[in-house]
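Since the structure comes first, as structure tokens, the remarks are kept for the end.
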């Protein structure tokens, strides 16, 4: 990096003057990213930045101002983004945003990187931040995760998150199913899955699609009836366009029969909403205004937009941004795999020192603010980032010290 030492000193002086004579290393690293510092170079320069900050913090405020006069032209040679980029369409009351984990395990750094940028925006503009536990798939639930997610959300989001559990909102989803059927935007399909795939590939409508609304309601009631359809015999589908150029958009499923006992609801419900139904209903009911999600959910966002539109709510569809993934070459980030490792006694628990979980990092002395600052620096980028564990923690350390 060209003129690294002088630029680092200039930014450290500027930061110190702005904060009563004390510069923070994390802020200097953030500024240097905008000057061309690469994330994989942090390890190379972090010690030097720390040394510069230490030396500047020994100076009096008067001395810092005098030194900054010599170097101030180096600051801002390139545009420097202070804080988060602005969001569009923000009202006077702020924004309503959410993070939606599955209870397949506890929080890890992958969750934190996705969630904290939304939380940052709620702190920036005011409004509401929801942690919505998406537990409508009874087969993929690790029961202790409910308590862990709640406790870690309180810590990570400074007790400002509103926590909801989807399985406690089932009657609301059923209410919307009836709306969709009566508006002729949903139907119960009894075609075998392989046969339906043939219809999708041929861009043809299945025979169930155009049955009268009265028959569709009878079929829906039969899905709900414990003496009705058996598991796998019927599925609720959204009536979209079977000629859509994207096969994933063609009459996608909304709900299915799943007789697996649910950790919270036991056998109370036999028909469970799939993600695109439950997410859409909750986003509507909670008045979601802006959503930041992983880019692999791009198709899901389009499906959810279709449901908004058929309900006459297209203008209320949340502004949506997509984030690239962090891919670690030497660290496991799957909550499901980590959970299995704990069950198999590979790890001592969720706070095992080798795990990248929030429980572990809390134990090691990391502060919530480190994750907020990290997410703020990364910003809204769809680019995937490949990192080593060491590189990530060197970055996180700079924000933890700041």
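The values are calculated or read from the model by the stated rules, or taken from the named source; none is laboratory data. Keep in mind it's a predicted model, so treat the numbers as computed, not measured. Here the Cβ is made from the backbone with ideal geometry for all residues, glycine too, and neighbour counts use every protein chain on show.
Worth a mention:
- Conditions (1) within 18 Å of residue 139 (Cα to Cα); (2) within 27 Å of the chain's Cα centre (by Cα); number of the one not met by residue 270: (2)
- Conditions (1) surrounded by 16 or more Cβ atoms within 10 Å (Cβ to Cβ); (2) closer than 22 Å to residue 209 by Cα; number of the one not met by residue 248: (1)
- Selected residue (criterion: modelled with the highest pLDDT) from residues of region 375-387 that are surrounded by 14 or more Cβ atoms within 10 Å (Cβ to Cβ) and not in a loop (DSSP other than H, G, I, E, B): 375
- Test result for residue 388, closer than 23 Å to residue 322 by Cα and more than 20 Å from the chain's Cα centre (by Cα): yes
- Residue within region 388-402 that is in the same structural domain as residue 106 (by TED's automatic domain parsing), surrounded by fewer than 18 Cβ atoms within 10 Å (Cβ to Cβ) and either at pLDDT 90 or above or part of a strand (DSSP E or B) (or both) present: no
- Being under 18 Å from residue 373 (Cα atoms) and modelled with pLDDT of 85 or more is true of residue 12.
- Checking each residue in region 240-287 for being touching a helix residue (DSSP H, G or I) at 6+ places or on another chain (Cβ under 9 Å) and in a strand (DSSP E or B) picks out 253, 254, 255, 256, 257, 262, 271, 272, 273.
- Flag for residue 61 being over 30 Å from residue 328 (Cα atoms), surrounded by fewer than 14 Cβ atoms within 10 Å (Cβ to Cβ), in contact with a helix residue (DSSP H, G or I) (Cβ under 8 Å, 6 or more places away or on another chain) and touching a residue at least 12 places away in the same chain (Cβ under 8 Å): yes
- Within region 82-113, the set of residues being within 30 Å of residue 18 (Cβ to Cβ) and touching a helix residue (DSSP H, G or I) at 6+ places or on another chain (Cβ under 8 Å) comprises 83, 84, 87, 90, 94, 95, 97, 109, 112, 113.
- Region 226-245, residues that are without any contact (Cβ under 8 Å) to a residue 12 or more places away in the chain and under 19 Å from residue 192 (Cα atoms): 228
- No other residue among 327, 316, 345 is farther than 19 Å from residue 116 by Cα and out of contact with any helix residue (DSSP H, G or I) (no Cβ under 9 Å at 6 or more places or on another chain) apart from 345.
- Boolean, residue 324 is out of contact with any strand residue (DSSP E or B) (no Cβ under 6 Å at 6 or more places or on another chain) and in contact (Cβ under 8 Å) with a residue 60 or more places away in the chain: yes
- Close pairs from region 372-389: first in contact (Cβ under 8 Å) with a residue 24 or more places away in the chain and at positive phi, partner loosely packed, with under 14 Cβ neighbours inside 10 Å and not in a helix (DSSP H, G or I), Cβ under 8 Å, at least 6 apart: 379/81; 379/85
- Pair list, Cβ under 8 Å, 6 or more apart: region 80-105 residue surrounded by fewer than 17 Cβ atoms within 10 Å (Cβ to Cβ), other residue modelled with pLDDT under 90 and not in a loop (DSSP other than H, G, I, E, B): 80/31; 83/376
For every residue, the table says whether it meets (1) touching a residue at least 40 places away in the same chain (Cβ under 8 Å); (2) farther than 19 Å from residue 392 by Cβ; (3) in a helix (DSSP H, G or I).
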{"residue": "12", "(1), (2), (3)": "yes, yes, yes"}
{"residue": "21", "(1), (2), (3)": "yes, yes, no"}
{"residue": "29", "(1), (2), (3)": "yes, no, yes"}
{"residue": "37", "(1), (2), (3)": "no, no, no"}
{"residue": "43", "(1), (2), (3)": "yes, no, yes"}
{"residue": "46", "(1), (2), (3)": "yes, no, yes"}
{"residue": "51", "(1), (2), (3)": "no, yes, yes"}
{"residue": "55", "(1), (2), (3)": "no, yes, yes"}
